[in-house]
1. Would you mind checking the stretch 1-22 for residues with the amide N under 20 Å from a putative spin-label position 7 Å along Cα→C-beta of T31?
2. Structure shown: which of K54/K99; K42/K141; K42/K99 lie over 21 Å apart, alpha-carbon to alpha-carbon?
3. Between the stretch 1-52 and the stretch 90-143, how many Å separate their Cα centres?
4. Roughly what % antiparallel, to the nearest 5, for the DSSP beta bridges in the chain?
5. For the stretch 51-139, what is the charge dipole size about the Cα centre, in debye to the nearest 20, if Lys and Arg each add +1 at the Cβ and Asp and Glu each add -1 at the Cβ?
6. For the chain, what is the mean residue ellipticity at 222 nm derived from helices alone (per DSSP H run of n ≥ 4: -39500 (n - 2.57); sum divided by total residues; nearest 500 deg cm²/dmol)?
7. Toward the positive end of the charge dipole of the chain, about the Cα centre and with charges on Cβ (Lys, Arg +1; Asp, Glu -1), which of Y19, T101, V125 goes farthest?
8. Return, ordered by residue number, the residues of the stretch 109-128 whose backbone nitrogen is under 20 Å from a label point located 7 Å along Cα→Cβ of Q75.
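Since every read-out is calculated from the coordinates, none of them should be taken as a lab result. Model, not experiment: these values are computed from the prediction. Note that we place each Cβ from the backbone using ideal geometry, even for glycine, and neighbour counts take in every protein chain shown.
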Amino acid sequence: MAERIAIPIHDPAGNVVAYAGRWPGEPPEGTPKYKLPQGFRKSLELFNLDRASKERTNTPLVIVEGFFDCMKLHQHGCRKVVALMGSTLSPAQEELIRKHTNRHSQVVLALDEDEAGQAGRDDIVCRLSRFCFVSVHQFEKPGMQPDQLSAGEVAESFL
């Protein structure tokens, strides 16, 4: 993780299972923006689930794509937020959400307003709506992401 910002990833029990390394700013050509440890499978975890699962059950679970989307919403008071670490939901992540919700639970899907986010959104809504209430937060502008929201917009949309 040399020269990168290290982001700890915890399992649902709160144990650190990996660090994601984010290159600060735009990485040099040929250098990936994110680096994960060899052997770590992000599809088996949900970023911030250890904290989000401790929040009140009557508040919606917000699902975003990235680490910084999750951190920004949390910083603005939306504490029950998790990140997929991508734009798709794996079967293991679906099971984690199922374990931490029930048929009365509300889930808000707030993926990036780009091609990948839109494609992932349809699949995720179909899968999660089988066992909880799912709503979709769509952004007004193409390319918009949750980490671009102001504190007021977060409160209006998710709290």
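1. Label zone hits: 1-8, 19-22.
2. K42/K141
3. A separation of 21 Å, based on Cα centres.
4. Counting only bridges with both partners in the chain, antiparallel ones make up about 45 percent.
5. Rounded to the nearest 20 debye, it is 700 debye.
6. -7500 deg cm²/dmol
7. The Cα lying farthest towards the positive end belongs to T101.
8. Under 20 Å, as judged by backbone N against the label point of Q75, lie 110-113 of the stretch 109-128.
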